[in-house]
Each structure stands twice: as structure tokens, then as C-alpha cells.
Amino acid sequence: MAEKDEKKAEKKPSYSAKDIYVLEGLEPVRKRPGMYIGSTGVDGLHHLIWEVVDNSIDEAMAGHAKHIRVELLPDNKVAVTDDGRGIPVEVHAQTKKSALETVLTTLHAGGKFGGESYKVSGGLHGVGVSVVCALSVWLRAEVSRDGGVYEQEYERGVPKTKVKKIGSSKSTGTKIIFQPDHTIFSETKFDLKRIVDHLRRQAFLTKGIAIEIIDSRGEVPVYHGFCFDGGLASFLRYLSRSEKSLLDNLFYVDKQQNDMGVEVAFVYNDEYESKELSFANNIYTPDGGMHMTGFRSALTRTLNEYARSNNLLKKEDDGFTGDDVREGLTVIVSVKLREPQFEGQTKARLGNTEARTAVESVVGESLKDFLERNSSDARRIIEKSLLAVKARKAAKAAKDMVLRKGVLEGLTLPGKLADCTSRSPEDSELFIVEGDSAGGSAKSGRDRRTQAILPLKGKILNVEKSRIDKMLINKEIKALVVAIGTAIAESFDISKLRYHKIIIMTDADVDGAHIRTLLLTLFYRYFREIIDAGHLYIAQPPLFKVQAGKSFRYVFNEGAKDKAIDELQALKKERQAASAKKKAKGEEVEVTDAENTEEVSLETGDGRMKGIFVQRYKGLGEMNPQQLWETTMDPEARVLKLVEVGDATEADRLFSVLMGETVEPRKKFIQAHALSVKNLDI
Ligand code: 0RA
């Protein structure tokens, strides 16, 4: 018992023996509330409501109650009312106490005497209303039964009154009003949204039950009411309300099988991932378990059988795997069984093997029926699964071919590679250059000690568009992978990286941007570590060369062009003035290129432009080796952009935007291979 309660007990020596007995009974609950309700925070606080409501739902599942009302009252009080049989009030022969008092003050006595209904044995649920009684500063139980209304009050689990008859009533039911103990809970204010969400879910899970929530704490009461005759079918519609269904009908079954309630609803939508929700005795099992296993095998088996018997799958075909038939699936499975075993660290998985067989047989049978009755829905499910098979096979073939261990091993460096002479990766740079002509310039212009050049044929990349799988089979790309030296997939080893700077050098046009994107995607998907380690760069070739005589400026963007022209104009005027001055003095004048070069005016009528030579570079190939060196390759003068992958999500978004039109197989392929990236938004 908590210390403060002990002190209170000392001050009140008038406690009867019975009180002490009861106190001892609930002592562990007040001492270690977390053991019973999970925590003493907001979660635990709300657990008090769930506990009381669970008892009413049990009464409903046993077929005796239909209505449950939860009312939030001022001073953090909550009233839970049901129209069940009412907790028995008569004196129990064994304990010589009223059954009501026994239920409210004895641990684990809370549940059922009979065992008629599904009593939950695991997890935090089903610990009984006595726990709520123990953790409430005040609780009142009101029972309508046998023509009368009876009540008893408790404080911190101790009865404060005897069970009294306070009136008469023709109906039956139980009402529990409680006020959580502020000395136990860090927070005693209830959260309406949390309550509404939880009880909505409970209403979905208990077909036909009516649950009302009334928040009477403010000036105007707020009302919520739920009653779903469709059960999980309603739940499924609610969950997938924002998705586009692939089917005209959803699959639904609710059946009693060997003493076990099996309820399943599913639908397919045009997505690729699957969503699975499962429950055992209305308790969410996030890790699934036997009921889920049973569902999955029934789905896979039944769809395979249907596809074969309708010649949608050929004899020689392998058939659908579980993953194939679950693409785009949203399913809810709920079982109600007598002694659920919750397994795993967090008790989040159902362990009863009988749940597997029950679900498998119920789903198998009714799905077969569903497919036969809804042939167009059946066809759509099978078509979707066939597409999944195709994608899986394409992905696997690509993976086998390209990613197979050792496929790149033993390959000699590609002939197209003009390697550098340095063998120290720290000093070495690899320029991946678009096109053979630019490759030629780069080869002549480079510093051959430290700079290697690998020209890629842009055309091939364009043809292959964005198919990464094809890209990896591509000779050019393979050459790149060999040149890098790290190998790929399982055999990837960053310590084998041959160049510590890998520089993508493409034209400053749309094609260049496309090829750059493909290369970035390749690195992102297969050589992520190279990006993360800061080894990948993008070269920044100039867009213009602005020249006035001997002087010139390289311009890297449109906005800087005018500035460069102005600068050179001013420089030219200065020079002319200086030479005029010298001439006047009779000094010898240095004859510069300016005087010998034919002046080009790009825009006639614009005096400013006169004598300024502006060259636009449409591609790297237009630059001679010297220019390419000066502008883009010379480590002293160039500007490189480091490629960084901020977070995977942003990179995904970027790639998808850059990749433009969505190509289905690519989408599938990326999904199949983006092992580390979930929920690709492409
Ligand atoms: C014990 C026995 C019976 C009903 C209940 C408990 C019961 C408990 C709660 C808690 C909230 N609402 C409840 N409704 C009923 C069955 C007694 C009989 O056979 O009549």
C-alpha cells in the first residue's frame, strides 16, 4: 500500500476487519498501478474507462446488453452505464459479502462467475473493475436488478457504505461512476478525442452494440454515438474511405467456428502496400499472430486455386506467393476465443494455434464462395496478383543478373576509361562525362596524374529512360560500376573505392539534366554510401563565355551574364582611354588582341554590347580541351557541387519529381529494391 494511505489508516483506527481485508486485497494495485493499467500517465488514466467499458462489452457479447453510455462529468468523473443483467447484489455464501462488493473489491474477481463469455486472460485487459475501484478516490456502483436499484460507494477501493436498495426499477443494468485518484495519476483530465476514437473502434468490433459518449464537462454537452450493424465491414469502409477501391464489393464473413468467433473483412485498392489490422477479443494485436497467419494462407491458397481452375494461371506457372496476393489489400481480422494467449515482448501477437485453423477454414470457404459469386471482382484481384508476379519476376531477374555476387568481379577496367596515373584514391578523381566528343575534350584537357575520364553514351541512357533495372544491365553503366571499384549489393565495399571524387559532368541542357538524374538515382539506390561519405559531385560547366579582347569571363548562370558584360565594357573603355592618352604623349602603344580581333555585336542597336564577344556553350563538346580544363576541371578554378542526401524522404521526392512520367515497371522495381525506404511516394 502507498505510504500516504497507510498514514490515513493509522489515523482511523475505527476500520473494521473487513475493511482491512479488502485493503489488503487491492493493496498491490495501489502499490504498483503500472502492473495493472500500464502506466499512471494519460494512457493509464484512460485505461480506467476501457476497463469498465470492457466489462459492459463482455455483457453485450454474452448477449445481455445493447447500450453502453459513457459520460464525462465535471471534476474528472466518468459514468459508464449499460443495460446488461446488472452485477448481482445478493450475499455470496462463501464470502458472506454481497457479490457486488466482491466484484468491486477483489482482484480478478471482476469478471464472470460463469465463464459464459469470452474472458480475456492476457495483457492489461480484463483485470477487472476492482482495479478501477482501487485507483479511484471515489466510486459508486449502481445496479438495477430484481426490480430494485442498489448502490454502494467506495473510496480508494474501500467500501464506504453497505449495499443499499435506493429505489425500484423494472429494467436491469449497471452504472459505475468513478473519480480517478489524483495522488496516483500524473494527469486526471480525460481526453474526449481519445475516448471517441477508442470507443468507435470498440463499436466496430462489436457488431450492433450502441455506444454513446456524452461530454458534460462544459456548458454545452457534446454528444457522440456509434452503432455499426456492419461490424468489420463498416470498419473497413471507414478505414479505406479515402482510397479508390478496386472491387465493386468488399469481402466480409462473420462466423462461429469451433467455439470461436471469426470475423474478417477485406478489400483491394489501387495501391501496392498492404494494410493488415487484427484483433483478438477486441484487443489490437499489432504483431498479428495465428489469426493473421490463418488468413494469409487461406487468401493465398484460395486465390491460387481459383486462378488455376479458371485458367488464369497456367499449369506451368509457379502461382502466387503471399506477397503477390497482398498487394493493395486492406484487411481486418477479428477473433473471439475463450483463452487467448498473447505472446511476444509486448504481448502484441496472438499465439493460439486453433485461431489459425479456424480463420483459415472460415476464410477459405467463404472466399471461394465470394469469388464465384463476384466474378468481375475475382478477375480484378487475379489480374492485380498477376501483375505483382510479373513485377516480382522482372525484379528478381534484374537482381540475379546484375546484383548477383561476383558478377562484376574479375572484370577488367573498361576500355573507354582513361584512367589517371595516381593509384591513391585520395588524390584521384573520376569524371563521368556525357558523350564521346566531350569525353575527348576532357581526356586532352585533364591533369592525367589525378583525373580519370569515363565517357558515357548519353543516347543509350535516353533510350532506356528511367528503368534502373535495365540501366544496371547496360554496358555503359556496368563499365562505370567496374571503374568505381567498390562492386555492388552484397559485395559492395567502400574501402575499394578507386576515386574519392566522382564527378558527374553533363551538359547544361535538358538531356544533361536527365542523364544527371539517372546517374544520381543509380548512386542513390546502389551506392548510397558513396553519397553519404561525400564522394559524389556535380561539375558546373559555364553557360557563356563573355570576351572583350584579351579579357574574358566565364559565366555560370543567365543572371551573371549582364554583369560580366558591364565589367568587360568598363575594362575596355579604361584600356582605350589609357592607350589614347599614351598615343597623345607619343609613347609606344602595346597592340593588344582587342585591336586585332573582329568585334562582334550580338544585339545590334544595343551600344553596350558592341565589341563584346558572347559565346553560349550548348554542350561540353563545344569547349576545347583548354576551355574545359579552365572552366570545369581545374581544381584551382572550378566550382563543384557536392551531392548530399539530406533524408531519404526528400531524396525520394526529388527523384520522383525529376523522373517525370511514371513508368509502372520502374515503380514496381523501385519498390522491390528500396529495401530501406518504406512508403515510396511515387
Ligand atoms: C457478474 C455476473 C453477472 C454479470 C456481471 C458480473 C456484470 C458485470 C458488469 C460490469 C459492468 N457491467 C456489468 N454487467 C454485468 C451475471 C449475473 C447473472 O447471471 O444475472
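The values are calculated or read from the model by the stated rules, or taken from the named source; none is laboratory data. Note that the structure is predicted; figures quoted are calculated from it, not measured. All Cβ positions, glycine included, derive from the backbone under ideal geometry; neighbour counts span all protein chains shown.
Some notes on this structure:
- Selected residue (criterion: modelled with the highest pLDDT) from residues of the range 412-455 that are more than 18 Å from residue 625 (Cα to Cα) and small (Gly, Ala, Ser): 428
- Hey, residue 51 within 16 Å of the ligand (Cβ to nearest atom) and either under 34 Å from the mean Cα position of the chain (by Cα) or outside any helix (DSSP H, G or I) (or both) or not: yes
- Some residue of the range 34-41 being within 11 Å of the ligand (Cβ to nearest atom), closer than 30 Å to residue 263 by Cβ, assigned to a loop (DSSP other than H, G, I, E, B) and not basic (Lys, Arg): no
- Residue selected from the range 63-80 under the condition near the ligand (Cβ under 9 Å from one of its atoms) and within 13 Å of residue 172 (Cβ to Cβ), by the criterion surrounded by the most Cβ atoms within 10 Å (Cβ to Cβ): 65
- Among the residues of the range 87-106, those identified as more than 14 Å from the ligand (Cβ to nearest atom) and of a type in the set (A, V, I, L, M) are 91, 93.
- Listed by first and then second residue, the pairs linking a residue in the range 349-374 that is surrounded by fewer than 19 Cβ atoms within 10 Å (Cβ to Cβ) to a residue that is among the aromatic types (Phe, Trp, Tyr) and in a helix (DSSP H, G or I), with Cβ atoms under 9 Å apart and 6 or more places separating them unless they lie on different chains, are 368/306; 372/306.
- Of the residues in the range 65-72, at least one is at negative phi, at pLDDT 95 or above and either of a type in the set (Asp, Glu) or assigned to a helix (DSSP H, G or I) (or both).
- Here residue 60 meets the list (1) at pLDDT below 90; (2) within 16 Å of the ligand (Cβ to nearest atom) almost entirely, failing just condition (1).
- The range 57-94, subset touching a residue at least 40 places away in the same chain (Cβ under 8 Å) and among the acidic types (Asp, Glu), residue farthest from residue 147 (Cα to Cα): 75
- Only one of the listed residues (184, 195, 213, 166) is surrounded by 17 or more Cβ atoms within 10 Å (Cβ to Cβ), under 19 Å from residue 81 (Cα atoms) and more than 31 Å from the chain's Cα centre (by Cα). That residue is 213.
- Check on residue 248, buried (at least 16 other Cβ atoms within 10 Å of the Cβ), within 25 Å of residue 372 (Cα to Cα) and among the charged types (D, E, K, R): no
- Residue that is surrounded by the most Cβ atoms within 10 Å (Cβ to Cβ) [pool: residues in the range 325-347 that are more than 19 Å from the chain's Cα centre (by Cα) and hydroxyl-bearing (Ser, Thr, Tyr)]: 334
- Residue match in the range 256-264 (condition: touching a helix residue (DSSP H, G or I) at 6+ places or on another chain (Cβ under 9 Å), over 21 Å from residue 57 (Cβ atoms) and in a loop (DSSP other than H, G, I, E, B)): yes
- Being surrounded by fewer than 17 Cβ atoms within 10 Å (Cβ to Cβ) and of a type outside the set (Ser, Thr, Tyr) holds for only one residue in 157, 147, and it is 147.
- Selection count, the range 509-519, where residues are farther than 21 Å from residue 428 by Cβ and buried (at least 18 other Cβ atoms within 10 Å of the Cβ): 6
- Considering the range 533-575, the residues that are in contact (Cβ under 8 Å) with a residue 12 or more places away in the chain and of a type in the set (Asp, Glu) include one that is surrounded by the fewest Cβ atoms within 10 Å (Cβ to Cβ), namely 558.
Conditions (1) β-branched (Val, Ile, Thr); (2) touching a Gly at 6+ places or on another chain (Cβ under 8 Å); (3) assigned to a strand (DSSP E or B), marked per residue:
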site: 302; (1), (2), (3): yes, yes, no
site: 308; (1), (2), (3): no, yes, no
site: 324; (1), (2), (3): no, no, no
site: 330; (1), (2), (3): yes, no, yes
site: 356; (1), (2), (3): no, yes, no
site: 360; (1), (2), (3): no, yes, no
site: 372; (1), (2), (3): no, no, no
site: 379; (1), (2), (3): no, no, no
